[in-house]
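Remarks on the structure that follows.
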Amino acid sequence: MPELPEVETSKNGIAPFTEGQRVKKMIIRNGALRWPVDDSLPERVTDRIITQVSRRAKYLLLHFSGGNLMIHLGMSGRLRVVNEQQPADKHDHIDLVLANGKCLRFTDPRRFGSWVWSPSELAEKLLNKLGPEPLSSEFDGDYLYRQCKKRKAGIKQVIMDNQVVVGVGNIYATEALFLVGIRPTRAANRLSKAKAHELASLIKDVLAKAIKQGGTTLKDFTQSDGKPGYFKQELLVYGRQGEECLICGQTIKSVRQGQRASAFCPKCQQ
């Protein structure tokens, strides 16, 4: 699933081609996404100008006067900027055709993504309980320490909880915990204030570095121009279970937390 750096990279990729552009038409080829696409969306956006492209958590927001289009990439979704005349492929479900001759095309083989108008009841439900952005000043060591003191769950599960902090997905939570030397299963309420500050700082660093490098190369993610992200070559533990730790040489282990695998080094992480 695309995580925060991948969504931020998509935002940065499409913004130069879409901001300030008028939508000529919206084409919905298959609206059966995670939530059915509202039939009224084409009428809402046609002949309107996209004033800004922003991100909240893993949602991309296309801003119009009077409301926003909230786009979630789901498990396999991606946005590309293509020429208006480029034929659509099998999994190209939605097009926003722009006055500059470009088309913002949404591709999603698994159809777990979503296009939702905001304000709406569904949009409010999706946004209301979201925690702070990890790269904002609201998210720091003091905040993380207060949140962890309330919870007995494993620390990785807590920092991946969108009500605690948004967008810290499996990849980046795994990497940050390795760098701070904490096992993903350690009870969150056992985290010291000093470690909370260190972990919050490392989460910011890992995410910022991934954004700078264009996201992580996974099989379903490409940037808006089709190029892959480059962060995968820097991963220290994620996806490396059974291999030697790059720091100490111990074998990287894996444990199940919820429905996710959590890789860790049994020596470097306590």
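The values are calculated or read from the model by the stated rules, or taken from the named source; none is laboratory data. Just so we're clear, the structure is a prediction, and the values are computed from it rather than from any experiment. Reconstructed Cβ throughout: ideal geometry from the backbone, glycine too, with neighbour counts over all protein chains shown. Note: accessible area is taken over every heavy atom of the protein model, side chains too, but ligands, DNA and RNA are not part of it. Shrake-Rupley method; radii C 1.70, N 1.55, O 1.52, S 1.80 Å.
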- Item | Extreme residue, surrounded by the fewest Cβ atoms within 10 Å (Cβ to Cβ), among residues of the range 148-172 that are in a loop (DSSP other than H, G, I, E, B) and among the hydrophobic types (A, V, I, L, M, F, W, C) | 153
- Of the residues in the range 130-147, those that are open to solvent by 20 Å² or more (accessible area, probe 1.4 Å), assigned to a loop (DSSP other than H, G, I, E, B) and either touching a residue at least 24 places away in the same chain (Cβ under 8 Å) or closer than 17 Å to residue 162 by Cβ (or both) number 6
- Filter the range 1-48 for residues that are under 24 Å from residue 120 (Cα atoms) and of a type in the set (Phe, Trp, Tyr) and give the result. 35
- Note on the structure: residue 34 passes all but one of the listed conditions (1) surrounded by 14 or more Cβ atoms within 10 Å (Cβ to Cβ); (2) over 30 Å from residue 163 (Cβ atoms); the exception is number (2)
- Note on the structure: Note: among 101, 113, 74, just one is at positive phi and either in contact with a Pro (Cβ under 6 Å, 6 or more places away or on another chain) or open to solvent by less than 10 Å² (accessible area, probe 1.4 Å) (or both), namely 74
